[in-house]
Amino acid sequence: MGLTLKVWRQKNTKAQGGFETYQVKDISSEMSFLEMFDVLNERLINEGKEPIAFDHDCREGICGMCSMHINGRAHGPWAGTTTCQLHMRAFKDGDTITVEPWRAEAFPVLKDLTVDRGAFDRIIEAGGYISVNTGNAVDANAIPIPKDKADAAFAAAACIGCGACVAACKNSSAMLFVSAKVSQLAQLPQGEPERATRALNMVAQMDKEGFGSCTNTGACEAECPKEISLSNIARLNREFIRAGFTYEK
Amino acid sequence: MKWSQFFDTSIGKKLLVGATGFFLCSFVLVHLAGNVQLLYNDGGKAFNSYAAFMGHNSLIQFIAWGLKIVILLHAIIALQLTFSNRKARPVKYAINPGNQTSSWFSRQMAIMGSILLIFIIIHLADFWWKFHFGNVPTINYEATGEPVKDLYSTVQFAFKEGWLVALYVIGMIGLSFHLIHGFKSAFQTFGLNHVKYNGLINFIGVWLFGILIPIGFAAIPVVIFFK
């Protein structure tokens, strides 16, 4: 199929960006969206032009690197799918596709479609972990955990930190990400000792990074490639209220 | 985390917006229950004695002043959040998903809230100010009783103006759209999200607060206008 691509090009964080239009031909419907970009980039390199910079790593939907805003949708039109798992059969011959980077104050554009998601790392550093002694792996079943709890924690842990929630939110809020990272630990006994400081510090860091606040529109849940539930945001709110009202420091 | 820090976080501010929002929801219920008396054909006896009671009871006066502070708090904090949310996305998208990923109501909270705030200011200037500080004629229903201010007739007279009736209907459309999302959103902010109750919360938010109550309020000026 042949397509018209309008792609955001920006030299670096400080440069003024703009859309460039490219025509691509002979795109197979079985190609992934990133493979289509590979084809275009090969051509640009052969023509001696600067290829389009975009993030990617595993290309199997689990690393959370690919981050394209495609025709107004984070990771494109398919639900529960990352950009690398979006295939060209989602489009028709002759379509015009507009591709933009994630847009958020906290995710500055590094180049073209690549953004700096370091803000997420700093939120995790603020409390998205449990403190354990290293050494041999502990027996997985040393602490019995009911199946439904384990499943709920795992569903939250499915978050790959891709930033689609921030990209999809009209407020560039990171609440779905932070709530997933709090929820995966809040539902397990291992998360209990650092429960209060985790919620307080991660939320404080989230605000410091310049993400917006949540207005419960649900756009994050609709766009999340891992289908993280909004109920996690409610849990984060509960954790934060509990810590704020009871934690002594 | 100190209280001052807690309520300065994004979630802390949202909790204040949600708590004040809940208080305002309870207010609209009481306000509508009282205002329905404007539709009685009793020459205003019920409504005027109710207004006199509300205007003189010190506990109610205390709550009434609290209410004005709550409205201001709700509006100021929500606007503050709205502006910081705008700042969180300095470069806009060329293409937006519209209603594909979120409901239209959920994205218009600030606009509907602003319409409501303007409406409330006009509404207070129209009746509350007049009742307390303006010239409202008095009426005596019982030979031995105290004369009461005839707010009933003032209202009946005011709503003969078509433009004012239209303004009130617009204000109530603002209330409707604001509460269709606002009511359930406040529950989510307080962490009250539970499969067993979400359906009920959504139903009450949409049908009672989003539709029935605004229609009830809007019906009063409309009925008086056509009476």
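Observations on the structure shown:
- From the alpha carbon centroid of region B:1-47 to that of region B:106-162 is 18 Å.
- Gap separating the Cα centres of region A:1-70 and region A:150-197, nearest whole Å: 30 Å
- Neighbour net charge for A:GLY2 - beta-carbon separation under 13 angstrom, K R +1, D E -1: -1
- Sequence of A:MET175, A:MET36, A:MET1 once ranked by neighbouring C-beta atoms within 10 Å, starting from the fewest: A:MET1, A:MET36, A:MET175
- Of the chymotrypsin sites (Phe, Trp or Tyr not before Pro) in region A:99-140, those whose Cβ has at most 13 other Cβ within 10 Å and which sit in DSSP loop: A:TYR129
- Against the main long axis of the alpha-carbon atoms of chain B, helix B:45-56 sits at an angle near 60°.
- Restricting region A:68-112 to trypsin sites (Lys or Arg not before Pro) in coil, as DSSP defines it, with at most 11 other Cβ within 10 Å: A:LYS92
- Note on the protein assembly as shown: Cα Rg divided by 2.2 N^0.38 Å, N the number of residues, gives 1.20.
- From least to most packed, judged by other beta carbons within 10 angstrom and beginning with the fewest, B:THR20, A:THR246 follow the order A:THR246, B:THR20.
- Once C-alpha pairs closer than 8 Å and six or more residues apart are averaged by separation and normalised to the residue number of region A:5-87, the relative contact order reads 23 percent.
- Panel order for B:VAL91, A:VAL178, by other beta carbons found within 10 Å of each beta carbon, from fewest to most: B:VAL91, A:VAL178.
- Mean Cα-pair separation over length for chain A, i.e. relative contact order, pairs under 8 Å, 6 or more apart, %: 20 percent
- Using θ = phi - 60° in the Karplus curve 6.51 cos²θ - 1.76 cosθ + 1.60, the 3J(HN,Hα) couplings for region A:101-114 round to x, 4, 10, 6, 4, 7, 10, x, 6, 8, 6, 6, 9, 8 Hz; x is entered for Gly and Pro.
- Cα long-axis angle, helix A:195-208 against chain A (0 to 90 degrees, to the nearest 10): 40 degrees
- Relative contact order (percent, whole number), chain B, Cα cutoff 8 Å, 6+ residue spacing: 29 percent
- Paramagnetic reach from A:ALA15 in region A:37-61 [backbone N under 18 Å; point 7 Å along Cα→Cβ]: A:41-42, A:44-55
- For chain B, the 222 nm mean residue ellipticity estimated from helices alone, with every DSSP H stretch of n ≥ 4 adding -39500 (n - 2.57) and the total spread over all residues, rounds to -21500 deg cm²/dmol.
- Among residues other than B:ALA94 with Cβ under 12 Å from its Cβ, the summed charge is +2 (Lys and Arg +1, Asp and Glu -1).
- Of the trypsin sites (Lys or Arg not before Pro) found in region B:153-210, the ones in coil according to DSSP and having at most 15 other Cβ atoms within 10 Å of their Cβ are B:LYS160, B:LYS196.
- Environment charge at A:ASN232 (Cβ cut-off 12 Å; Lys +1, Arg +1, Asp -1, Glu -1): +1
- Using alpha-carbon coordinates, inclination of helix B:10-35 to the longest axis of chain B, degrees: 30 degrees
- Euclidean distance between Cα centres, region A:87-149 to region A:213-228, Å: 14 Å
- Pairs of alpha carbons in region A:117-246 whose separation is greater than 26 Å (percent): 19 percent
- Structural size metrics of region A:1-66, computed from C-alpha coordinates, are Rg and Dmax of 13.0, 37 Å.
Rule-based calculations on the coordinates, nothing more; no lab input. What you see is a predicted model; the values in this text were computed from it and never measured. Here Cβ is always computed from backbone atoms with ideal geometry, including for glycine, and neighbour counts include all displayed protein chains.
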